[in-house]
Amino acid sequence: MTRLSGDLPPTRGQKRVTLYDGSSDAGRYPFQFPLSTYFLLMKTLNMPQRALVLILALACCPVASCATAVAADRPNIVWIVSEDNSIHYLEHFFEGGAPAPNIEAMAAHGLTFNNAFSNAPVCSVARTTLATACYGPRIGTQFHRRYAMAPMPQGLRMFPAYLRDAGYYTTNNSKKDYNAVEGQGVWDASSRTASWRNRPKQDQPFFHMQSHAQSHEGSLHFNHAVFENDKTKTDPNSIQLADYHPNTPLFRYTHARYHDRMLDIDEIVGKTIEQLRQDGLLEDTFIFYFGDHGGVLPRSKGYIYESGLHVPLVIRVPKNFKHLAPSADGTRLDGFVSFIDFGPTTLHLAGVKVPSQVDGKAFLGKSISQSAINAQDESFGYADRFDEKYDFIRSIRKGKYQYIRNYQPYLPDGLNNNYRYKNLAFAEWRDLYNAGKLSGAAKQFFDSKPPEMLFDCETDPHQVKNLANDPKYAKVLTKLRRRLQQTVKGLPDLSFYPESYLADNAMQNPVAFGQQHKQQIAELVDIADLALLPFKEAKPALLAAMTSDDPMKRYWAAMACTAFAADASEISVNLKPLLEDNVLIVRMRAAEFLGRIGEINPQITLTEIVNTTKNSVEATEALNSIVWFKDFFNGKYPVKRSDFNPVSDGADVDDRLNYINGVPYPPKAGKGKGRKPDAAKNKKK
Ligand SMILES: [Ca+2]
């Protein structure tokens, strides 16, 4: 099985994208002429003549704006998207963030959404959610990155296609990173030069998406020499660190450097606005500014907390389409919106029907009131695989609370993920942990997680005080737990099957597969949730599931036992036969439980799986556990590169093996087994 490499982003990190030079002018004002011409003309005239010219010029102004309003019967829509930044880096949203005069000016001419969320904390999953307006775990696009492209749900296209059908000129500049097949007719142009300025008819309405990588995670992949020698514009001592970050010069420097990136982003946002102004299009164009998911200090991108999901969203409302906005300029809205809603909103603003198959709904446009927006108080989040790292998590943010359900709670957040750990601050954090120098909130990152977490995001914005076991919050916990159970069963959520199983069985038509297996998925959710009961209450159902004919039930019974850890030791004898299960992934989960409680050396079973499976996804799943056992059990379960001789290959398998081998990431091309010369390039985020 090979990873598909189409549609990977052409750039990341600090490379600058080409900016328009601003020389072209669409000239929509029939009476426009350059100011210099006006002054030249005035010089040659006497006083009464000058007065006449001035009167004429003034008289033309209302005509000009009137002509514009008539010409543009439908608004243009522009999305300006910055990579990898949560609300926490902009002062407009969070104390201590960067000032952003251009974004703040947009807000003064439009709306600020205090509660806008990506549904996933990583690029390809988030961007696919934007493009499809569907929840990733329902349509098979939840893994970063894809082993197989999911087809679009039957009868549905990526939303810009509907705008294009309705006569819009649609352009993307230029990142796509979709986990679903794009299909025909989505973009008129998608490239580093795509722009509304290239549309064939200047009165044609347009939708333009512009991504900016200056704030991408890669911008923090600097080396020690840079840390020692490059000064940041922002004073590292002025930084307010997150409660969970160790207070070290490197963390302060890294944060200051990202603060600088946000200053750059604001400047770039300003340039796009200026281009629209020069083209005479500004007051016909809705401009969305948002982050493509959270980030990007450690424990943000790739993690389902607020730092991974909560994004800035500001929408500039054009003068000529104020009637499509629910509130006056400068309003801050508290209603919740998430990435599934952005496409439907854009369609609705353009007066285009929103397809019925999508999961999102419009939050702006005709007949949508401020009170309707503010009544929305919920957002669903999903985290699955990030490159080679698995950790299956779902979340519901409802009002001020975020409920997180860790389905593999035994895995610490700090489990190695090569690309993340390229950031020196990540590596330093792990060194401090290994040296036993962390305590409190800073140490949580390397601990196993509880199956459920509940945070009050208002009083604890950095989410370090888990309230799930506090009796005062029992009612909130029960309510949100039910809501999440209802959501994952309702989709239904395909991740209750391991990715290796989905890759082999579901990817022809993930939506149909989900519908056909809806009942089974609901039963798997119930087995997984046995981990939330006191062990004694869960025991009979766990024993029954362990001996079920359904391998997926045996799989989840073992996972629930691993969550219970020592509490489930008394039934380890019942689970032991699963080490010989005829389904490899069930063996894998049994080895995890028995290894966690110290009854066996799990690496023997897990290594055997890596060395026998032909499915590289399954090998990646096993290697995830191998690295967990290697790094988090005080050296009890060591492995070495020579233990492995995998049948399957793939970039993620190579990444794990290289990590085990101590090869710095990214490895040199040709060093890893199965890595194609261009595979390193394909790892771009
Ligand atoms: Ca991104």
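Need the failing condition index for ALA116 against (1) outside any helix (DSSP H, G or I); (2) surrounded by fewer than 22 Cβ atoms within 10 Å (Cβ to Cβ); (3) small (Gly, Ala, Ser), just the number.
ALA116 satisfies every listed condition except (2).
Could you list all residues from segment 196-237 that are without any contact (Cβ under 8 Å) to a residue 60 or more places away in the chain and either surrounded by 15 or more Cβ atoms within 10 Å (Cβ to Cβ) or among the basic types (Lys, Arg) (or both)?
Step one: of segment 196-237, the residues without any contact (Cβ under 8 Å) to a residue 60 or more places away in the chain are 198-201, 204, 225-226, 228-233, 235-237.
Scanning segment 196-237 gives ARG199, LYS201, LYS231, THR232, LYS233, PRO236.
Restricting attention to segment 186-232, and to residues there that are part of a loop (DSSP other than H, G, I, E, B) and within 16 Å of the ligand (Cβ to nearest atom), which single residue is nearest to ALA350 (Cα to Cα)? Can you show your working first?
Within segment 186-232, the first condition is being part of a loop (DSSP other than H, G, I, E, B), and the residues that meet it are 186-188, 191-195, 199-205, 213-216, 221-223, 230-232.
Checking the rest, the ones that are also within 16 Å of the ligand (Cβ to nearest atom) come to 213-216, 221.
Numbers: ALA213: 28, GLN214: 30, SER215: 30, HIS216: 30, HIS221: 40 Å.
Going through the qualifying residues, I end up with ALA213.
Filter segment 599-632 down to the residues that are without any contact (Cβ under 8 Å) to a residue 24 or more places away in the chain and not charged (D, E, K, R) and list them by number.
Step one: of segment 599-632, the residues without any contact (Cβ under 8 Å) to a residue 24 or more places away in the chain are 600, 604, 606, 608.
Listed by number, the residues that qualify are ILE600, ILE604, LEU606.
Output the number of the condition that PRO312 fails; it satisfies all remaining conditions of (1) assigned to a loop (DSSP other than H, G, I, E, B); (2) in contact with a helix residue (DSSP H, G or I) (Cβ under 9 Å, 6 or more places away or on another chain).
PRO312 satisfies all of (1) assigned to a loop (DSSP other than H, G, I, E, B); (2) in contact with a helix residue (DSSP H, G or I) (Cβ under 9 Å, 6 or more places away or on another chain) except (1).
In segment 627-669, what residues are touching a Phe, Trp or Tyr at 6+ places or on another chain (Cβ under 8 Å), closer than 25 Å to GLU599 by Cα and part of a helix (DSSP H, G or I)?
Within segment 627-669, VAL627, TRP628, PHE629, LYS630, PHE632, ILE660 meet the criteria.
The rows are residues; the columns are (1) out of contact with any Pro (no Cβ under 9 Å at 6 or more places or on another chain); (2) crowded, with 22+ Cβ neighbours inside 10 Å; (3) under 28 Å from GLU621 (Cα atoms).
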| residue | (1), (2), (3) |
| --- | --- |
| PRO461 | yes, no, no |
| TYR473 | yes, no, no |
| GLU499 | yes, yes, yes |
| ASP504 | yes, no, yes |
| HIS517 | no, no, yes |
| LEU530 | yes, yes, yes |
| SER548 | yes, no, yes |
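Restricting to segment 317-337, count the residues that are assigned to a strand (DSSP E or B) and among the basic types (Lys, Arg).
Just the residues of segment 317-337 that are assigned to a strand (DSSP E or B), to begin with: 331-337.
Now drop any that are not among the basic types (Lys, Arg), which leaves 332.
Adding up the residues that qualify gives 1.
In segment 572-608, what residues are touching an Asp or Glu at 6+ places or on another chain (Cβ under 7 Å) and β-branched (Val, Ile, Thr)?
Answer for segment 572-608, where residues must be touching an Asp or Glu at 6+ places or on another chain (Cβ under 7 Å) and β-branched (Val, Ile, Thr): ILE585, THR607.
Restricting attention to segment 192-224, which residues are more than 22 Å from the chain's Cα centre (by Cα) and either outside the structural domain of ILE273 (by TED's automatic domain parsing) or among the polar types (S, T, N, Q) (or both)?
If the condition is that a residue be more than 22 Å from the chain's Cα centre (by Cα) and either outside the structural domain of ILE273 (by TED's automatic domain parsing) or among the polar types (S, T, N, Q) (or both), then THR193, SER195, ASN198, GLN202, GLN204, ASN223 are the ones that fit.
I'd like the residue in segment 155-185 that is hydrophobic (A, V, I, L, M, F, W, C) and outside any loop (DSSP other than H, G, I, E, B) and, out of all such residues, is surrounded by the most Cβ atoms within 10 Å (Cβ to Cβ). It would help to see each step written out before you state the result.
Initial filter on segment 155-185 (hydrophobic (A, V, I, L, M, F, W, C)): 156, 158-159, 161, 163, 166, 180-181.
Okay, now just the ones that are also outside any loop (DSSP other than H, G, I, E, B), so 161, 163, 180.
Values: ALA161: 20, LEU163: 23, ALA180: 25.
It comes out as ALA180.
Is it the case, given these coordinates, that ASP334 is in contact with a helix residue (DSSP H, G or I) (Cβ under 8 Å, 6 or more places away or on another chain), acidic (Asp, Glu), more than 16 Å from the ligand (Cβ to nearest atom) and modelled with pLDDT of 95 or more? Don't jump to the end; show me each part of the working.
On the way: in contact with a helix residue (DSSP H, G or I) (Cβ under 8 Å, 6 or more places away or on another chain): yes; acidic (Asp, Glu): yes; more than 16 Å from the ligand (Cβ to nearest atom): yes; modelled with pLDDT of 95 or more: yes.
Judged against the criteria, ASP334 is a match.
Can we say ARG641 is among the basic types (Lys, Arg), out of contact with any strand residue (DSSP E or B) (no Cβ under 6 Å at 6 or more places or on another chain), surrounded by 18 or more Cβ atoms within 10 Å (Cβ to Cβ) and at pLDDT 95 or above? Spell out the reasoning first.
Working: among the basic types (Lys, Arg): yes; out of contact with any strand residue (DSSP E or B) (no Cβ under 6 Å at 6 or more places or on another chain): yes; surrounded by 18 or more Cβ atoms within 10 Å (Cβ to Cβ): no; at pLDDT 95 or above: yes.
Here the answer is no, as ARG641 does not meet what is asked.
One residue is enough: does segment 91-99 have a residue meeting the conditions out of contact with any strand residue (DSSP E or B) (no Cβ under 7 Å at 6 or more places or on another chain) and within 16 Å of the ligand (Cβ to nearest atom)?
No.
Which residues, taken from segment 502-521, are over 24 Å from the mean Cα position of the chain (by Cα) and part of a helix (DSSP H, G or I)? Give the derivation first.
Kept after step one, since they are over 24 Å from the mean Cα position of the chain (by Cα), are these residues of segment 502-521: 504-505, 508, 512-513, 515-521.
Passing the criteria: ASP504, ASN505, ALA512, PHE513, GLN515, GLN516, LYS518, GLN519, GLN520, ILE521.
Tell me whether segment 252-261 contains one or more residues that are polar (S, T, N, Q) and away from the ligand (no atom under 16 Å from the Cβ).
Our first condition is that a residue be polar (S, T, N, Q); within segment 252-261, this holds for 254.
If we keep only those that are away from the ligand (no atom under 16 Å from the Cβ) too, we end up with 254.
Checking segment 252-261: at least one residue is polar (S, T, N, Q) and away from the ligand (no atom under 16 Å from the Cβ).
Can you say whether ARG397 is buried (at least 20 other Cβ atoms within 10 Å of the Cβ), over 17 Å from GLY295 (Cβ atoms) and outside the structural domain of THR248 (by TED's automatic domain parsing), as far as the supplied structure shows?
Numbers: buried (at least 20 other Cβ atoms within 10 Å of the Cβ): yes; over 17 Å from GLY295 (Cβ atoms): yes; outside the structural domain of THR248 (by TED's automatic domain parsing): yes.
Taking the combined requirement at face value, the residue satisfies it.
If the requirement is being within 16 Å of the ligand (Cβ to nearest atom) and polar (S, T, N, Q), which of these qualifies: SER367, SER300, SER371? Explain how you work it out, then say what you get.
On the way: SER367 fails: within 16 Å of the ligand (Cβ to nearest atom); SER371 fails: within 16 Å of the ligand (Cβ to nearest atom).
Selected residue: SER300, the only one of SER367, SER300, SER371 that is within 16 Å of the ligand (Cβ to nearest atom) and polar (S, T, N, Q).
The values are calculated or read from the model by the stated rules, or taken from the named source; none is laboratory data. A quick note: this is a predicted structure, and the numbers were derived from the prediction, not measured. Neighbour counts run over all protein chains shown; Cβ positions are idealised from the backbone, glycine included.
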